[in-house]
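The values are calculated or read from the model by the stated rules, or taken from the named source; none is laboratory data. All values reported here derive from a predicted model rather than from experimental measurement. Don't worry about glycine lacking a Cβ; one is built from the backbone with ideal geometry, like all the others, and counts go over all protein chains shown.
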Amino acid sequence: MTKVETFNPQSLGPAIMPYSNAAVANGFLFVAGQVALDPEANVVSPNDSYAQTKCIIDRIKVILAEKGATLDNIAQTTVFITDLKYLPDYNRAWTEEFSNHRPARATVVCGLLIEGLVVEVTAIAAL
């Protein structure tokens, strides 16, 4: 039976729903959907896809670092965005953070659970 380890980095603040920020199993790190929230669960830069993407990637970096990984370990991501008008600024922030590393990515246009959020990202990293 595979052991699954879940964790929530303290610096990110508590999860706002019943989930873990990340889980590790079989040499992979699964990052739950990350959104632009500060440690008190306030939306960071409402409706600004560039700033929210930067915040989300910073959150993902914190999660990865807990297991000795970096953005270069990410193999796959899924991006949820509320409107295609946010995609150019999202892509600009993504490219600045990931540089030449290009994990596989799916992008879905959908609604998000909290007003002002326009981007959410999940990721799978190889450890």
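Observations on the structure shown:
- Condition check for LYS67: within 20 Å of ALA15 (Cα to Cα), in contact with a helix residue (DSSP H, G or I) (Cβ under 8 Å, 6 or more places away or on another chain), basic (Lys, Arg) and not in a strand (DSSP E or B): no
- Residue match in the stretch 81-95 (condition: part of a strand (DSSP E or B), surrounded by 14 or more Cβ atoms within 10 Å (Cβ to Cβ), at pLDDT 95 or above and among the hydrophobic types (A, V, I, L, M, F, W, C)): yes
- Residues that are surrounded by 19 or more Cβ atoms within 10 Å (Cβ to Cβ) and of a type in the set (Val, Ile, Thr) do not occur anywhere in the stretch 105-114.
- The listed residue being within 25 Å of LEU127 (Cβ to Cβ), of a type in the set (Val, Ile, Thr), touching a residue at least 24 places away in the same chain (Cβ under 8 Å) and in a strand (DSSP E or B), out of VAL108, VAL62, VAL31: VAL31
- Against the criterion of being more than 21 Å from ILE124 (Cβ to Cβ) and not aromatic (Phe, Trp, Tyr), SER20 does not qualify.
- The stretch 51-80, subset closer than 14 Å to VAL35 by Cα and among the charged types (D, E, K, R), residue surrounded by the most Cβ atoms within 10 Å (Cβ to Cβ): ARG59
- Scanning the stretch 1-28 for residues that are of a type in the set (Phe, Trp, Tyr) and assigned to a loop (DSSP other than H, G, I, E, B) yields a single hit, TYR19.
- Within the set ALA36, ALA25, the sole residue that is more than 16 Å from the chain's Cα centre (by Cα) and either surrounded by 13 or more Cβ atoms within 10 Å (Cβ to Cβ) or at negative phi (or both) turns out to be ALA25.
- Residue count for the stretch 34-44, restricted to those that are at pLDDT 95 or above, in a loop (DSSP other than H, G, I, E, B) and either small (Gly, Ala, Ser) or closer than 17 Å to ALA123 by Cβ (or both): 2
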